[in-house]
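Below is one structure. I have some questions about it.
Quick note: the coordinates plus some simple rules give every number you see, no bench work behind them. Just so it is clear, the structure is predicted and the values come from calculations on it, not from any experiment. Please note: Cβ atoms are built from the backbone with ideal geometry, for glycine as well, and neighbour counts cover all protein chains shown.
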Amino acid sequence: MYKLILASASARRSQILSEYGIPFEVIKSDCEEYTEFTKPSQVVTDLSLQKARDVAQKAAASEKYERQDILVLSADTIVSYNGEILGKPEDEQDAFDMLSLLSGRTHEVYTGVTLMKNDEVILNFAACSVVEFYEVSPFALKEYIATGDPMDKAGSYGIQGPFGLYVKGIRGEYNNIVGLPAAELYQRALKAGIDLRRDVG
C-alpha cells in the first residue's frame, strides 16, 4: 500500500479526492514557483513538477514516512485566453478586468498534474478544458467580486461557486476547471500500474 500525499493546501483539490474515496494526507509545497516556459500547458506541467519534487524531498526527510512507499500528487491550474495566462487577481480591479475580458467569450483552463512514487516521476501531464461564458453585466461582475470569491482563483472565478451561473458550456473534464482532473489522473495512474482507490491507504 502507498501513502498518498497531496502537495497542495487547496480545499477544492482535497474535496475532489475525498469525493472519490481516495485517502490522502497534505503537505504543502513551499517552493518558489518560477518557470521559463510561456505555453500554458508547459507552464502548469513544470510548476506541478516543481511542487511534487519539493514535497517528495520533505516526505523523504520525515521520520513519519520512513520505510513507507510514498506517492506525491501535485497540481497547478491556470486560465488562458488567446494564449495569455490569467493568474490570480492582484486586487478587485484586476479581477474586474479579467472577468470583463472573459465575459461572452471562450477560454481554456489548464491543470498540470504530477504523480511521483518516492523519487520517481510516474505522471506529468496537462489537462485542458474549454469554458464558454454568457455575457455578464458590469453590475453583476462587481456584485460577484464583492463576495471575495474570485480573489484566490486563477482567472478570477470559481466554476463551483456563484459564478457558475454564467457558464454557458464546457468541453472537457469539469473537475479540471475546479483544480484537479481526477478522472484523467485515475485512468493514467491505472495505466502506470497504480489504482488510486485500492493501492492507497
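Out of region 175-201, which residues are of a type in the set (A, V, I, L, M) and part of a helix (DSSP H, G or I)?
Hits for region 175-201 are 177, 178, 182, 183, 185, 189, 190.
Continuing with the same structure: Among the candidates 80, 100, 62, which residue alone is within 19 Å of residue 29 (Cα to Cα), among the polar types (S, T, N, Q) and either free of Cβ contacts under 8 Å to residues at least 40 places away in the same chain or in contact with a Leu (Cβ under 9 Å, 6 or more places away or on another chain) (or both)?
Being within 19 Å of residue 29 (Cα to Cα), among the polar types (S, T, N, Q) and either free of Cβ contacts under 8 Å to residues at least 40 places away in the same chain or in contact with a Leu (Cβ under 9 Å, 6 or more places away or on another chain) (or both) holds for just one of 80, 100, 62, which is 62.
Within region 119-174, take every residue that is small (Gly, Ala, Ser) and assigned to a strand (DSSP E or B) and give me the one that is farthest from the chain's Cα centre (by Cα).
Ranking the candidates gives 169 first.
Sort out which residues of region 5-40 are among the basic types (Lys, Arg) and either within 17 Å of residue 72 (Cα to Cα) or not in a loop (DSSP other than H, G, I, E, B) (or both), and write them in order of number.
Listed by number, the residues that qualify are 12, 13, 28.
Filter region 15-60 down to residues that are under 19 Å from residue 186 (Cβ atoms) and of a type in the set (Ser, Thr, Tyr) and give me whichever is surrounded by the most Cβ atoms within 10 Å (Cβ to Cβ).
Looking at the filtered set, the residue picked out is 48.
Kindly check whether there is at least one residue in region 160-168 that is touching a Cys at 6+ places or on another chain (Cβ under 8 Å) and farther than 18 Å from residue 6 by Cβ.
Within region 160-168 (the criterion being touching a Cys at 6+ places or on another chain (Cβ under 8 Å) and farther than 18 Å from residue 6 by Cβ), the answer is no, since none of the residues qualifies.
While we're here: Only one residue in 58, 64, 3, 39 is charged (D, E, K, R) and within 17 Å of the chain's Cα centre (by Cα). Which one?
Matching residue, one of 58, 64, 3, 39: 39.
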